[in-house]
1. Among all residue pairs at least 6 apart or on different chains, which show Cβ distances below 6 Å where the first residue, located in segment 36-54, is not assigned by TED's automatic domain parsing to the domain that holds Gly121 and the second is buried (at least 18 other Cβ atoms within 10 Å of the Cβ) and β-branched (Val, Ile, Thr)?
2. Would you confirm, using the coordinates I've provided, whether Asp89 is loosely packed, with under 13 Cβ neighbours inside 10 Å, modelled with pLDDT of 90 or more, acidic (Asp, Glu) and farther than 23 Å from Val136 by Cβ?
3. Hey, could you check segment 156-209 for residues that are hydroxyl-bearing (Ser, Thr, Tyr) and within 22 Å of Leu112 (Cα to Cα) and say which is surrounded by the most Cβ atoms within 10 Å (Cβ to Cβ)?
4. Looking at Gln149, is it in a helix (DSSP H, G or I) and touching a Leu at 6+ places or on another chain (Cβ under 9 Å)?
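The values are calculated or read from the model by the stated rules, or taken from the named source; none is laboratory data. These numbers come from a predicted model, not from an experiment. Cβ placement follows ideal geometry from the backbone for every residue including glycine, while neighbour counts extend to all protein chains displayed.
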Amino acid sequence: MDKAQTPGKKALTPRGERTRAALVDAARTVFERDGFSDSRLTDITAEANCSTGTFYTYFQSKEEILDAVFEKAHEDMLHPGLPHVASDDDPVAVLEAANRAYFEAYKRNAKLRLVLEQVSGLSPEFRDRRRKRGEVFSERNARQIERLQSRGLADPDIDPDRAARALSGMVSRMAYNAFALGDETEMDELVETATRLWANAIKLTGPRP
């Protein structure tokens, strides 16, 4: 749960923000190194160079700080910063840039995705949060498909929501295999394949073949 959503928590001072951020970064290091089950709060506080009392000022449990770690990674993957595209007149170039940014962000967070797999198998609560965060990507992609349909650039007969779910799942699995499981696929190959499959699936038209 984000600090802004935690009942009864006061707004943090700048120093408090820095301490909380240091704890989140330390927790990520420990979780990626040891996995969730084998990580201890004392490992996190030692990594952050703070006391257990300081930890409980900001988080109530190991599960709560893990969710804060996931939320930070989610924001990185949702808003990774797209490579520059001169114009949206070329929808394939826009799609290619979005896929590349997603794959780069996934690569940065690949070790954490393995932790997510671990806790999702153990906790219904984390499975539900994972599903909801995944829906954010699908909903954004569905809106993009709708915009392309309105411009006459994509198949008007496909359902944007169902198509977005299928295509988002495909790209996510490609990223998981490449960066979490390490199948050593080259980045350019991933981007090209994902972009072509996306474009073909929605019959995307534009200046580029």
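1. Matching pairs, first to second residue: Phe36/Val115; Phe36/Val119; Ser39/Val30; Asp43/Val30; Ile44/Val30; Glu47/Val30; Thr52/Thr45.
2. Criteria not met by Asp89.
3. Among them, the one singled out is Ser168.
4. no
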